[in-house]
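All remarks here apply to the structure that follows.
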Amino acid sequence: MSTRASASRYARALLDVVIKEGNPEQVERELSAFADLLAQNPNLQKALTNPAVPVSGKRGIVKELTSRLASSSPLTKLLLLLADGDRLVLVPHLLAAYRDRLMDHRQIVRADVTTAEPLAEAKVSLLTQRLAQITGRTVTMTTKVDPSIIGGVVARVGSTVYDGSVATQLDRLKNRLRSAV
């Protein structure tokens with residue numbers, strides 16, 4: 001099974017348990033802090049992901065790092081399970097998958113919007129509202145500028161792309177003219 005698929009299964013299980021027993025946002029913060037700790041300390045990360053380090057040592061390190069959390073915390077249990085299975089390499093992927101699942105649970109969707117020129121704040125707000133109407137969810141939007149689209153907007157919401165760019169419209173027109181000849 002791939003790393004992402006494994007992380008996604010663990011994230012789904014963690015969120016299911018946390019929704020019933022705890023605070024999903026708190027667990028996200030704690031998991032994020034743990035992942036940041038690993039990312040900022042390469043020696044710690046190497047020790048926890050190196051197959052030559054005994055599982056018992058990894059378990060002890062994880063216990064010490066999670067000592068501030070409740071010992072019965074679902075996150076502590078999961079991290080200890082990952083240590084026992086020598087799967088702590090999944091932590092960054094687990095965090096990403098957990099965040100995605102948490103956003104889905106909270107009915108929030110990400111939108112990446114590309115325009116030819118920077119958008120005014122009022123237009124960003126209007127576009128956010130329109131995308132929320134289309135998706136039926138709360139939208140968190142990031143914008144970027146790409147002059148190659150000439151004008152219009154390209155919005156990527158999940159795997160769906162709404163392409164209203166001038167460049168795409170010109171390309172379609174060119175293809176229709178070629179096929180008509």
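Readers should treat all values here as calculations from the given coordinates under stated rules, not as data from a laboratory. Being a predicted model, the structure only gives us computed values, none of them experimental. For neighbour counting, all protein chains shown are included, and Cβ atoms are generated from backbone atoms with ideal geometry for every residue, glycine included.
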If every Lys and Arg gets +1 and every Asp and Glu gets -1 at its Cβ, then about the Cα centre the chain yields a dipole, in debye to the nearest 20, of 400
What one gets for region 3-104 as the Kirkwood radius, inverse of mean 1/r over different Cα pairs in Å, is 13.5
Filtering trypsin sites (Lys or Arg not before Pro) in region 1-93 by DSSP loop and by at most 14 other Cβ atoms within 10 Å leaves 68
Rounded to whole Å, √(5λ) for the Cα gyration tensor eigenvalues of region 108-180, largest first, gives 25, 15, 9
If 149, 108 are placed from fewest to most neighbouring beta carbons inside 10 Å, the sequence is 108, 149
Calculated from DSSP helices alone, with each H run of at least 4 adding -39500 (n - 2.57) and the total divided by the residues of the chain, [θ]222 nm to the nearest 500 comes to -19500 deg cm²/dmol
So, relative contact order of the chain in percent, Cα under 8 Å, 6 or more apart, is 21
With label points set 7 Å from each Cα along the Cα-to-Cβ direction at residue 180 and residue 13, the distance between them in nm comes to 6.0
Restricting to aspartates and glutamates and to Cα separations under 20 Å from residue 77, and discarding same-chain partners fewer than 8 apart, the set is 16, 21, 25, 28, 30, 36, 64, 86
Toy charge model, Lys and Arg Cβ at +1, Asp and Glu Cβ at -1: region 108-180 dipole around Cα centroid in debye, rounded to 20, equals 280
Of the candidate values (i) 158; (ii) 181; (iii) 113, the one computed for volume of the Cα convex hull per residue in Å³ from this structure is (ii)
In whole Hz, the Karplus estimates of ³J(HN,Hα) for region 79-87 (6.51, -1.76, 1.60; θ = phi - 60°; x where Gly or Pro) are 5, 5, 4, 5, 5, 4, x, 6, 10
Residue separation between residue 138 and residue 81 times 0.36 nm, minus their alpha-carbon distance, gives in nm 17.1 nm
